[in-house]
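One structure is given here, and the rest of the page talks about it.
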Amino acid sequence: MTFDCCDFNFLASLPDGQKARVHADIVMDAIRNLHKPRPSGEWVVRQFWADAKRTATLPAQRRFIDTSQLHADSVVEQALDHEDHHIDSVKTYFHVRRDTIGAKPSFAINEIHMNLSDKGMEHPIIKTLTWTALSTC
């Protein structure tokens, strides 16, 4: 049980789309509402984000929250696809995989102390490097 509280990939292992949605919503609520009391035994994501947010730049905070939501939604979609026995084409699989692997929130954490502008992050070279990294994970 303790390991599950620290396992940020737990969502990706849920075969039930409805359970995955409930867990994804809990994770995102914990990130967005740091001071809201949490039930005992809930994931440590709230504590992790509370500590990280103390020194994170505002752009990095926003990108972490946005990419975490994207990741949570994509693993819910993946669980729903598994539940429906849906099999993606190879092209679609890799497109979906870029969101389900959780690399985008990890990239946001890597920039946590950098005050990188959205314009800079949208630069074609940065976008190409990001896409390449996501494709090789």
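Residue-by-condition table, conditions (1) in a loop (DSSP other than H, G, I, E, B); (2) modelled with pLDDT of 90 or more; (3) farther than 21 Å from ALA133 by Cβ; (4) not small (Gly, Ala, Ser):
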{"site": "ASP25", "(1), (2), (3), (4)": "no, yes, yes, yes"}
{"site": "ILE31", "(1), (2), (3), (4)": "no, yes, yes, yes"}
{"site": "PRO39", "(1), (2), (3), (4)": "yes, no, yes, yes"}
{"site": "GLN47", "(1), (2), (3), (4)": "no, no, yes, yes"}
{"site": "ASP51", "(1), (2), (3), (4)": "no, yes, yes, yes"}
{"site": "SER68", "(1), (2), (3), (4)": "no, yes, no, no"}
{"site": "VAL75", "(1), (2), (3), (4)": "no, yes, no, yes"}
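Cβ separations smaller than 8 Å between residues 6+ apart or across chains give the following pairs from the stretch 96-114 residues that are free of Cβ contacts under 8 Å to residues at least 60 places away in the same chain and closer than 25 Å to HIS86 by Cα to residues that are part of a helix (DSSP H, G or I) and small (Gly, Ala, Ser): VAL96/SER74; ARG98/SER135; ASP99/SER74; ALA103/ALA133. If only residues of the stretch 101-137 that are modelled with pLDDT under 90 and in a helix (DSSP H, G or I) are counted, the one that is nearest to ILE65 (Cα to Cα) is SER135.
Here's a check for you: in the stretch 39-53, which residue that is aromatic (Phe, Trp, Tyr) and in contact with a helix residue (DSSP H, G or I) (Cβ under 6 Å, 6 or more places away or on another chain) is surrounded by the most Cβ atoms within 10 Å (Cβ to Cβ)? Checking each candidate, the answer is TRP49.
Residues considered: ALA30, ALA56. Of these, the only one that is without any contact (Cβ under 8 Å) to a residue 24 or more places away in the chain, out of contact with any Pro (no Cβ under 9 Å at 6 or more places or on another chain) and surrounded by 15 or more Cβ atoms within 10 Å (Cβ to Cβ) is ALA30.
The values are calculated or read from the model by the stated rules, or taken from the named source; none is laboratory data. It should be emphasised that the depicted structure is a prediction, and the values quoted were computed from it without experimental measurement. Methodologically, a virtual Cβ is constructed for each residue, glycine included, from the backbone with ideal geometry; neighbour enumeration extends over all protein chains shown.
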